[in-house]
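Here the structure is laid out as structure tokens; the discussion comes afterwards.
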Amino acid sequence: MRAVPPEELRPEPVVLVTGPEEVLAERAVAAVVAAARDADDGVTVERIDAAAYEAGRLAVLTSPSLFGGGTVVVVEGVAAAGDAFVTDATAYVASPPPDACLVLCHSGGQRAKGLLDLARRAGAPEAVCAAVTKDDEKLDFVAGEFRRAGRRASPQAMRALVDAVGSDLRELGAACRQLAEDASVTAGDGRIEADVVELWFGGRVEVTGFRVADAAVAGRADQALSLLRHAVATGVDPVPLVAAIAAKVRALAKVQTASRGPSAAIAAELGMAPWQVDRARRELSGWTDEGLAHAVTALAEADTEVKGGGRDPVYAVERAVLTIATGRAG
């Protein structure tokens, strides 16, 4: 199999787009069509449904035109193709006509598998668009979206975005584009941070680590613990919870130890946005250097425990949250 990343797929006599992830499959098809049009302004793009295919139509669509120009035929629903399409497509793969590109989109299953195998043996490139279900895969997708947009995001920001938006790749991609296109949401070094994600998308979920962090930093211990327990009960992993809380406390500590001056100057010094400095200054009311030091230590211990160093990761987070909430002087 000639595996090719979806967005790097290019026109060839036969191109395979396989797997159930629609967003990736759409991008693979778009990449082929865009490359074909870049190479030939007069290219014709045809789209057909394999399940409703009429015998002989493929030969008509891919026949050389009297007026020249190539043809790209995108076939959707190959996983539900009838015998007529499989027969005609098999003949095409065996002897592709010149200046034609056949894109076979197959979401999975055994139907028409023989056609796919024949195309693979013929050397067709294949974009595998597997379902993205694991957290690591979602984070990789988000990281790739920001790279494509020429932007950077912190690990905490990407984790927060996945937690807030969910597993739908179309929504995740749209959220990444929204953040990447707004220059005002970045820190001083151009990196998108977790608190910005919370500002834009925190309302998308009932409870996130950022809400727990906000309550703890404000000294609202009962609310912080209630939010934390609800988050855990609804499936939020302790690791990103600790990461979100730590991001909040680190921001406070950085601003606390910074030299005095305008928010813009402090922001440039710390690699933060001016509004982040202003927010941290407001939240620092009632905090001492000693209290912040205790909070940082508690989070470091919790981080170790939730990553395998302790027996009860949930208790470790609760203990850290209590330490933070009671560490505020008033």
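Annotation: Met1 carries an accessible surface of approximately 140 Å², with a 1.4 Å probe and no ligand, DNA or RNA atoms counted.
Cross-link reach is defined here as a Cα-Cα straight distance under 18 Å, omitting same-chain residues fewer than 8 places apart; for Lys254 the aspartates and glutamates meeting it are Asp189, Glu193, Asp195, Asp214, Glu269, Asp278, Glu283, Asp289, Glu290. Applying 1/(1 + (r/R0)^6) with r as the Cβ-Cβ distance of Arg10 and Arg229 and R0 = 45 angstrom yields a FRET efficiency of 0.30. Computing FRET efficiency as 1/(1 + (r/R0)^6) for Ala91 and Ala30, where r is the C-beta to C-beta distance and R0 is 41 Å, gives about 0.90. Counting Lys and Arg as +1 and Asp and Glu as -1, what is the net charge of the other residues whose Cβ lies under 11 Å from the Cβ of Val78? The answer is 0.
Which aspartates and glutamates have a Cα less than 15 Å from the Cα of Lys113, not counting those fewer than 8 places away in the same chain? Within the straight-line cut-off, Lys113 pairs with Glu76, Asp83, Asp88, Glu126. Which one, Tyr53, Ala30, Ala295, is farthest towards the positive end of the dipole of the chain when Lys and Arg carry +1 and Asp and Glu -1 on their Cβ? The residue sitting most towards the positive pole is Ala295.
Take the Cα of Thr288, step 7 Å toward its Cβ, do the same at Arg152, and the gap between the two points is 3.7 nm.
Return the distance in nm (one decimal) between the two label points of a simple spin-label model at Ala3 and Asp278, each offset 7 Å from Cα along Cα→Cβ. Placing both labels 7 Å along Cα→Cβ, they lie 4.8 nm apart. Looking at the range 11-67, none of the trypsin sites (Lys or Arg not before Pro) sits in a DSSP loop with at most 13 other Cβ atoms within 10 Å of its own Cβ. Positive contributions from Lys and Arg (+1) and negative ones from Asp and Glu (-1), summed over other residues with Cβ under 14 Å from the Cβ of Gly123, come out at +1. For Glu54 and Arg260, the difference between the fully extended length at 0.36 nm per residue and the C-alpha to C-alpha distance is 66.7 nm.
Which is farthest toward the positive dipole end of the chain among Leu227, Thr257, Val314, measuring Cα position about the Cα centre, with Cβ charges +1 (Lys, Arg) and -1 (Asp, Glu)? Toward the positive end, the furthest listed residue is Thr257.
About the centre of its Cα atoms, the range 233-322 shows a dipole size close to 280 debye [charges on the beta carbon of Lys, Arg (+1) and Asp, Glu (-1) only; nearest 20 debye]. Each Lys and Arg Cβ is given +1 and each Asp and Glu Cβ -1; about its Cα centre, the range 196-285 then shows a dipole of about 180 debye. So how far apart, in nm, are the two label points at Leu118 and Asp136 if each is 7 Å from Cα heading toward Cβ? So the two model labels end up 3.8 nm from each other. Once backbone amide H atoms are built at 1.01 Å from N, Cys101 has Thr71, Val72, Val73 as its partners under 5 Å, excluding neighbours fewer than 5 places away on the same chain.
In order along the range 277-286, phi translates into HN-Hα couplings of 5, 4, 5, 4, 4, 5, 6, 6, 4, x Hz, rounded to whole numbers, per the Karplus curve 6.51 cos²θ - 1.76 cosθ + 1.60 with θ = phi - 60° and x for Gly and Pro. Dividing the summed -39500 (n - 2.57) terms of all DSSP H runs of n ≥ 4 by the residue count of the chain sets its mean residue ellipticity at 222 nm at -17000 deg cm²/dmol. A Cβ-based charge dipole, computed about the Cα centre of the chain with Lys and Arg at +1 and Asp and Glu at -1, lands at about 760 debye. Phi-derived couplings, Karplus 6.51 cos²θ - 1.76 cosθ + 1.60 at θ = phi - 60°, listed residue by residue for the range 34-48: 4, 5, 5, 6, 5, 7, 8, 4, x, 5, 9, 10, 10, 10, 9 Hz, with x used for Gly and Pro. Couplings 3J(HN,Hα) for the range 241-250, derived from phi with the Karplus relation 6.51 cos²θ - 1.76 cosθ + 1.60 (θ = phi - 60°), are 4, 5, 4, 5, 5, 5, 4, 5, 5, 4 Hz, where x marks Gly and Pro. The loop-placed trypsin sites (Lys or Arg not before Pro) in the range 236-275, going by DSSP, that have at most 13 neighbouring Cβ atoms within 10 Å of their Cβ come out as Arg260. Within the shell of other residues whose beta carbon sits under 15 angstrom from the beta carbon of Val321, the net charge comes to -1, with Lys and Arg scored +1 and Asp and Glu -1.
Only one residue of Met158, Pro20, Cys105 has its Cα farthest out toward the positive end of the dipole of the chain, where Lys and Arg carry +1 and Asp and Glu -1 on Cβ, and that residue is Met158. Applying the criteria of a DSSP loop state and at most 14 other Cβ atoms within 10 Å to the chymotrypsin sites (Phe, Trp or Tyr not before Pro) of the range 18-99 yields Phe67.
The value of relative contact order for the chain, using C-alpha pairs under 8 Å at least six residues apart, is 15 percent.
The values are calculated or read from the model by the stated rules, or taken from the named source; none is laboratory data. Bear in mind the structure is a predicted one, so any value in this text is a computation, not a measurement. As a convention, Cβ positions derive from the backbone with ideal geometry for all residues, glycine included, and neighbour counts pool all protein chains shown. Accessible surface is based on the protein model in full, side chains and every heavy atom, while ligands, DNA and RNA are left aside. Shrake-Rupley method; radii C 1.70, N 1.55, O 1.52, S 1.80 Å.
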